[in-house]
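Trainee: Provided herewith is a single structure, encoded as structure tokens, for subsequent inquiry.
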Amino acid sequence: MITAFFNQMPVLVVVVPLLAAPLCVLAHRAFAAWLIYCLASWLAFAMAFLLFVEAKIAGEVSYAVGNWAPPFGIELVIDTYSALVLLLVTGVAAVTGPYARKSIASEIAIEREYLVFALMLLCLAGLIGITVTGDAFNLFVFLEISSLSSYALIAMGPKRRALLSSFQYLIMGTVGGTFLLIGIGLIFMMTGTLNMADLADRLPEVYATRTVQAGLAFIVVGLSLKAALMPAHIWLPNAYTYAPSAISAFIAATATKVAVYALFRFVFTVFGVGYAFGTLPLGIVLLALAAVSMIAGSLASIFQTDVKRLLAWSSVAQMGYIVAGFALATPAGVSAGLVHLLNHGLIKGALFMAVGAMVWRVRASSINDLAGLGRAMPLTSAAFVIGGLSLIGVPATAGFISKWALMSALFDAQHYGVMALLLVASLLSIIYVGRVIEALYFRPLPDDVSHHKHGEAPLGMQVATWTLIAVNIVIGVHATPELEAAARAAASLVGGAP
Amino acid sequence: MNQFLTETLPGLFNYWIVIGLMMIGFYTVIAHDNLVKKLIGLTVFQSAVFILYISMGFIHGSTAPIIIDGDPVYAHPLPQVLILTAIVVGVSTTALGLALIVRINEAYGSIEEDDVLAADMATSEGEEAREEARSEQAEAAEGHAATGADDGAEAHESRPA
Amino acid sequence: MSDWLGHAMASPALVLMLGAALIACLPRWLHGVWLLVIPAAALALLWQLPMGLHGQIGLFGFDLTTLRVDGLSRIWATIFLIGSFLTGLYALHVDDRIQHVSALVYAGAAVGAVLAGDLVTLFIYWEATAIASVFLIWASRTIKAHIVGLRYLVIQVISGLLLMMGTIIHYHATGSIAFDHLGLATPGGWLIFVAFGIKAAFPLLHNWVQDAYPEATVSGTVILSIYTTKLAIYSLARGYAGTEALITIGAVMTIFPIFFAVIENDLRRVLAYSLNNQLGFMVVGIGIGTPLALNGAAAHAFAHILYKGLLFMSMGAVLHRVGTIKASELGGLYKSMPWTAAFCIVGSMSISAFPLFSGFVTKSMILTAAAENHHWIAWLALLVASAGVLDHSGIKVPFFSFFHHDAGFRVREAPLNMLLAMGATAALCIGIGVYPAPLYAILPFDVEYSPYTSTHVINQLQLLMFAALAFVVLFRSGLYPPEVRGLNLDSDWLYRRLLPAIGRGIRDSVAALRARIVAGLGQLAGLAGHWLTDAFGTNGAAARTWTTGVMLLWVTALLAAYLLLYY
Amino acid sequence: MREHTVLRIVSQLVIAPMLLYALYVQFHGEYSPGGGFQAGVILATAIILYGLIFGVEAAREAVPPTLLRVGAAGGLLIYGGTGVATILLGGNFLDYDRLFDHGGQHYGLIIIELGVGITVASVMIAIFYVFAGRGRQDDPDSDEDHGSADDYDADDVS
């Protein structure tokens, strides 16, 4: 039985949240739905961890759905690359559970709460599906599942602006998804297979055709849209700003990261690094876009008056960091990009959670509204400070590890210009994080202090926020396991010694 | 050239239809402010992709992939199955989009994107005004500091509270 | 992880930081005790450590040496910890958790940086000092402090980033991250040099000191004056001892702040300028690079932290009681604050290097080293600067605040804890001046040196007397820049007296040039700011919400670009 | 529309065969064109037609929203539950051969398609209720469709 469970984990990690979603709907009670969410996400996290270990030992875990042998059936493949992203997704989801209870309750009517949890589970199932699947079309379907549920989740935000934000995201996301569909169709047309490993085998024969080239272009643009890479990023700030706080934290930490995962899964595993970066000039385009993202995102972030929007813009900038690492297509670069993908997920998750806790308290998220909260909510504010430091890349935090890795990789690849821009971007990040910290600690509480009577945020929100912060610090001081795993993943993607 | 006109061009007519539909749909999404029209455009765009898939699995003279007696040529069933799924996704998207439009209409009284954005902009200006007031105050303090080495004493308050 | 635990137990830096965490959690009435106990414990721990390398840990692929105890690092760590204790005492009455925590973290980071055996550890602590210290500025809680603090932080972090880049380049070039002599031979060495230079307030990189220090809180300024710049001096001594360029840089550093210090009205800013000038002495010492010179730099840093801290403390006490620190508004305070006045005079005599005060026994080492090695121009510059110091710090500060005409303030004497802190510091200043042997004993190199030779003493006294005379003459004749609010520079007297005239001429032209540059930069910055706001402000072109049509147009453009590239 | 006699009569005549046809399509899906999705849509169309002709209220009475919620979730659970059942029987996910000794693929597929059909029909009707109900009254659970509209794209592995 136990071995059976272990063998089935690759599919169970998707199925558990997928089936928990209708259970939430059936349960129809906010508390029961929440409980189901927590159990499912924790179970998923546990399985993700076991899968990570398994992938580490075996190199790759493969699973044939319906016992149809690949490449005919749908294959689930978990290697270190996907296992790491899987760990991030399920980890953040698991932490969001305790957080979401109070946060959701404060922003969404009680009779609709169960739906939030059902949708979050669906979204989670979709995101997990993307990471574990070894089938190109299946990836599209999971991507759309996660996207659709996140549109609906964002639309549940307390302000009416959430509606248009969600609609814009829906349009952009659907176009991105359809582009991906076109791209997959084009390469399917040329090879007759959808299995990624099989595609990788068969594509070299037809590399020279226009169809495959166009297919790559469509896939890259489609997934860039989902990953909010410049210039396809404008849907992101609004979507993250107006979503309910718990949803902001969850989606900001996972959705775009998984899209980047999928992008480079296609680019590296399916098309091959030699083709995408050698024959075709994808690397330089992505690097340029990444550089623009870093600077423009940081600049826009500095000017924001709303903290959630500020963080969202900084996400645009940080996506630039991540893509810059991957776009180097060197083992060091890919590993740095992957490390930053994970670390940034943790950082942004923590920051959005901290801000969400403040929003829970003051019911507003502009910088002015957070004035003086350092005294009223010392723990939450401290969490924000640590998260902010990690975002800047201060030593002993996770952000530093990835910044260091990125700088080293850029230096090795002799992209000094991008290196300098990364430095500038991190200076800019000091300014936008500094603005918030100053408001928290060095401005007086506003006169109408009625809402400050109650003090700190609820325990669940605290625990969740601090868990992510703690992980940040642990990675900051003891990064070796993460770096080793990332190096293994990079080696499997672009070759080279792990 | 002649061959291109007589054979290649009409021979690929399905792709021309796909491309035409795709462009119509995409243009509608880009050019129209009306959210419903955008959604319609999106649906047309998606349909074009569905047709692309279906037509690429089609073989001349083939039948539908149903098991019947004899040995007929079947069309490739896989694209059809895939597209069935994609259609489901598309329908969900449309339904969700329409639901959002209904609520946008209720919240803003308009389904023109620029009107809604303008309404948003108007609400955000109030928030901004407060922030601007503060930064102006700060600039004033800075300006004061820059005018002479001996700036005002107010900046030197210390607060050993 | 066990090596981590071992490191945490052994490192004075982490003791301070853990102490800070403790203070963050403890109720307020317990703060005071810990503010004193923690630095004392860390100091005891430091002296328990045997000489050598400790705390080797692995961190993201590097083998770090987090503790290197040798003569050079130990004297710096010692004075940092003494400084931490004294400022803790000084800040005892402050009821502000943020200040206490950041002060301890700051001190811990500085100690950690000094004890760092490799560049990565150094960088980590280097950044930590930047971040911890900015809170001391922000803690003033004024809008100006906020802006200044951000500016300060950005400059500090630029220094950190340069250090990081330099380290990466150095590592790739040599395969080593050890923090030993670096030199200017490699690009990595240059980057690190500039990084150190920013924190050491090299000329033209110095403005952040005068910009930020006077904006901090009363105790914050004292704390700030101790660590960052001296940490940079240590790093220079470690990495660039004997680099010729430092002699020139140091000589310029000693001279130019004098002109600004003389005309400055904000007394804490005067002290910030003289801080710069004193750093110049140490930089010259490092540039000379002989054991005697390095000893001089170390000893001078030691003494300097004490007397500059004392001066800042006394001015802080005045600010605390009176609420202003403008020379033009103060005067006659010796009646109300006699103790503070006395301590301030001790500090100013020390900084002016009167015999029997700490400055004398340390500064003369550097002067002697300069003379021994025939750096005559530098020697002359140092001599001139010594005279200048007396004018602006030695006389101006105590004179305008405590004597001069009575401004009519009748305030209470400084709080007891401030007085105790100042008293202890003053005692140390005098103690070192009278009996320098213990200080000499902990210097990094074994050098026989005796400051109290008759030549030294007489030379120094002559110099001081003439400088004092100059002050009196200038002041009586009304030439000494009066303590006015504005910058009314009266040029009638410009050519009548040579020395001050040249000084003023240089000062004027530098000031004018600076004003022009600042104005030009300001305009540029204004333009850039407008452009940025237009582009990236919340409703700016790049950052506002676009319609989906526009977004998709961009996406289409991107797709077209890809397709064209592949075509 | 209730006054249009022709429409009423015709729809009364048509609705029952539609439902029957839906069932046919449902259970012949594994041989012939059809399957859960199509059947679900046809079934939903019948109910929607009923709603259009006789009013949403009448339709709501016939097929209450709670039933739809249960149906949408339950259908999905049938689908997933089958997969889980195959796992419990020692096979891989959706390895139908484990379900029965003979014709496992066959019956397995039927069960799966049943789940899909129920979900699709429920969600379609729910969407109709919500859009039709808008503006007439403000019913609290009208937003339910949001969620369930997405629920049914989960029947992906068709």
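The values are calculated or read from the model by the stated rules, or taken from the named source; none is laboratory data. Computed from a predicted structure; not experimentally measured. As a convention, Cβ positions derive from the backbone with ideal geometry for all residues, glycine included, and neighbour counts pool all protein chains shown.
Trainee: Can you name the condition, by its number, that C:Thr248 falls short on among (1) in contact with a helix residue (DSSP H, G or I) (Cβ under 7 Å, 6 or more places away or on another chain); (2) part of a helix (DSSP H, G or I)?
Mentor: (1)
Trainee: Right, another one. Would you confirm, using the coordinates I've provided, whether B:Pro160 is modelled with pLDDT under 85 and within 11 Å of chain A (Cβ to nearest Cβ)?
Mentor: no
Trainee: Now for a different question. Quick check on segment A:340-352. Is at least one of its residues at pLDDT 90 or above, within 29 Å of C:Leu119 (Cα to Cα) and surrounded by fewer than 24 Cβ atoms within 10 Å (Cβ to Cβ)?
Mentor: Scanning segment A:340-352 turns up no residue that is at pLDDT 90 or above, within 29 Å of C:Leu119 (Cα to Cα) and surrounded by fewer than 24 Cβ atoms within 10 Å (Cβ to Cβ).
Trainee: Here is a further query. Out of segment A:14-35, which residues are away from chain D (no Cβ under 11 Å) and either at pLDDT below 90 or crowded, with 22+ Cβ neighbours inside 10 Å (or both)?
Mentor: Of everything in segment A:14-35, those that are away from chain D (no Cβ under 11 Å) and either at pLDDT below 90 or crowded, with 22+ Cβ neighbours inside 10 Å (or both) turn out to be A:Arg29, A:Ala30, A:Trp34.
Trainee: Moving on to the next point. Looking at segment A:117-132, can you tell me whether even one residue there is assigned to a helix (DSSP H, G or I), farther than 25 Å from A:Ala27 by Cβ and either within 14 Å of chain D (Cβ to nearest Cβ) or in contact with a Cys (Cβ under 8 Å, 6 or more places away or on another chain) (or both)?
Mentor: Yes.
Trainee: Now for a separate question. Looking only at segment A:150-170, count every residue that is touching a residue at least 24 places away in the same chain (Cβ under 8 Å) and either of a type in the set (A, V, I, L, M) or at the interface with chain B (Cβ under 7 Å from one of its Cβ atoms) (or both) and tell me the total.
Mentor: Going through segment A:150-170 one residue at a time, the tally reaches 8.
Trainee: If you don't mind, there's one more thing I want to ask. Does any residue in segment A:386-412 that is under 18 Å from C:Leu64 (Cα atoms) and at the interface with chain C (Cβ under 8 Å from one of its Cβ atoms) come within less than 7 Å, Cβ to Cβ, of a residue that is among the acidic types (Asp, Glu) and buried (at least 24 other Cβ atoms within 10 Å of the Cβ) six or more places away or on a different chain, and which pairs are these?
Mentor: Within 7 Å, the pairs are A:Val394/C:Glu127; A:Pro395/C:Glu127.
Trainee: Any chance you could count how many residues in segment A:340-369 are touching a residue at least 12 places away in the same chain (Cβ under 8 Å) and either outside any helix (DSSP H, G or I) or among the small types (Gly, Ala, Ser) (or both)?
Mentor: Within segment A:340-369, residues that are touching a residue at least 12 places away in the same chain (Cβ under 8 Å) and either outside any helix (DSSP H, G or I) or among the small types (Gly, Ala, Ser) (or both) number 9.
Trainee: What about C:Gly88, is it in contact (Cβ under 8 Å) with a residue 24 or more places away in the chain and in contact with a Leu (Cβ under 7 Å, 6 or more places away or on another chain)?
Mentor: So C:Gly88 passes the test.
Trainee: Further question: Can you tell me which residue within segment C:314-352, out of those that are modelled with pLDDT of 85 or more and part of a loop (DSSP other than H, G, I, E, B), is farthest from the other protein chains (Cβ to nearest Cβ)?
Mentor: C:Ser352
Trainee: For A:Pro231, all conditions in the list (1) touching a residue at least 40 places away in the same chain (Cβ under 8 Å); (2) under 18 Å from C:Thr548 (Cβ atoms); (3) surrounded by 24 or more Cβ atoms within 10 Å (Cβ to Cβ) hold save one; what is the number of the exception?
Mentor: All conditions pass for A:Pro231, except number (3).
Trainee: Which of the following residues is away from every other protein chain (no Cβ under 14 Å) and surrounded by 15 or more Cβ atoms within 10 Å (Cβ to Cβ): D:Ala59, D:Ala39, D:Ala85?
Mentor: None of the others qualify; the one that does is D:Ala59.
Trainee: Whether any residue in segment B:17-28 is hydroxyl-bearing (Ser, Thr, Tyr), at pLDDT 80 or above and under 19 Å from C:Gly549 (Cβ atoms) is what I want to check.
Mentor: Within segment B:17-28, one or more residues are hydroxyl-bearing (Ser, Thr, Tyr), at pLDDT 80 or above and under 19 Å from C:Gly549 (Cβ atoms).
Trainee: Please indicate, with yes or no, whether at least one residue in segment C:223-236 is over 20 Å from C:Gly197 (Cβ atoms) and buried (at least 24 other Cβ atoms within 10 Å of the Cβ).
Mentor: Checked against the condition, which is being over 20 Å from C:Gly197 (Cβ atoms) and buried (at least 24 other Cβ atoms within 10 Å of the Cβ), segment C:223-236 yields at least one hit.
Trainee: Hey, among the residues in segment A:102-120 that are closer than 22 Å to A:Val89 by Cα and among the small types (Gly, Ala, Ser), which one's surrounded by the most Cβ atoms within 10 Å (Cβ to Cβ)?
Mentor: Of everything passing the filter in segment A:102-120, A:Ala118 is surrounded by the most Cβ atoms within 10 Å (Cβ to Cβ).
Trainee: Would you kindly identify the helices (runs of 4 or more DSSP H) lying entirely within segment A:188-291 that contain at least 3 residues that are among the hydroxyl-bearing types (Ser, Thr, Tyr)?
Mentor: A:235-242, A:245-264
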